Amino acid sequence: MILFENIVFGPVKSRRLGTSLGINLLPLHGKWCNFDCIYCECGWNKDGRNDKQLHPRSAVRAALEARLQQLASTDELPDAITFSGNGEPTLHPEFSGIVGDVIALRDLYAPKAKVCLLSNATNIGKKEVFQALRRIDRPILKLDSGFAETVKLMNCPQNDYSIKNVVAALQAFKGEFILQTMFLRGEHEGVKIDNTTPAELDKWLHIVAQLRPKEVMIYTIDRATPAKNLQKVPLEELETIADKVRAMGILVRTAG
Ligand code: SF4
């Protein structure tokens, strides 16, 4: 289990974003998410639930400003400033204001850096969250399967989740987002999981064709996962899936 122990962390070398300075709006000693993905690098939600400390907007702004000033002084400004960390950033009650602060600080200290966000897309139907995400250069939004049953197995939503609603909300981005999908196989609590079957891929590709995101990121397990019987999908298979998306004229990045 990897938890980020500061509000601002890195820059880290990201498989997908270059050098990325991370912003963690969630508690430092536990995960805070409305999914509980079986592959989450932060572990299960139940681990570290005693820490419920969300960082106030003023603390996030101060921490980011101090770090950007430091990085500017050593000529080490990052390629990206990324909302990620110990859970789902859009759950923070001051999310929208924080996005405004981060964009303003980026403009001031690191104008070449892209503001990015990793989100499970569950809150994008909320007007305030949607409007904040429209201001972010690279909103990277998760959809691991077009089947509710598979989402339930892989992502364990903690409240009502509707693929139909999430796809409709994604459609409102008019392609100005990056779709992110984790492919894996394995078994959890006696149930087989595989989101690479022909039926899964047909359904997923249909949604990709419908949404036409500006980019698709497909990846597989890279580190230890909380569920123990999961397997990576080989890079060659990810590339075969990626080729089907490329054939639609959509940019794809794979990380095996
Ligand atoms: S959405 Fe992200 S933070 Fe939340 S459980 Fe899944 S992988 Fe972890």
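Assorted remarks:
- Residue count for segment 204-256, restricted to those that are touching a Cys at 6+ places or on another chain (Cβ under 8 Å) and among the aromatic types (F, W, Y): 0.
- Taking the listed residues F147, F177, F183, the one that is farther than 15 Å from A121 by Cβ, free of Cβ contacts under 8 Å to residues at least 60 places away in the same chain and either touching a Leu at 6+ places or on another chain (Cβ under 6 Å) or crowded, with 18+ Cβ neighbours inside 10 Å (or both) is F183, with no other qualifying.
- Filtered by the rule that a residue be outside any helix (DSSP H, G or I), more than 11 Å from the ligand (Cβ to nearest atom) and out of contact with any strand residue (DSSP E or B) (no Cβ under 9 Å at 6 or more places or on another chain), segment 124-165 gives G125, K126, G146, F147, N159, D160, Y161, S162.
- Within the option set L77, L71, being more than 20 Å from the chain's Cα centre (by Cα), in contact (Cβ under 8 Å) with a residue 60 or more places away in the chain and more than 16 Å from the ligand (Cβ to nearest atom) holds for one residue only, L71.
- Candidates are the residues of segment 69-102 that are closer than 25 Å to K31 by Cα and aliphatic (A, V, I, L, M); the one that is surrounded by the most Cβ atoms within 10 Å (Cβ to Cβ) is I81.
- Leading residue by the ranking (surrounded by the fewest Cβ atoms within 10 Å (Cβ to Cβ)) among those in segment 17-68 that are in a helix (DSSP H, G or I) and in contact with a helix residue (DSSP H, G or I) (Cβ under 6 Å, 6 or more places away or on another chain): E65
Any read-out appearing in this document is the output of simple, stated calculations on the displayed coordinates, not a laboratory observation. Owing to the predicted nature of the structure, the values given are computational and were not obtained by experimental measurement. Neighbour counts run over all protein chains shown; Cβ positions are idealised from the backbone, glycine included.
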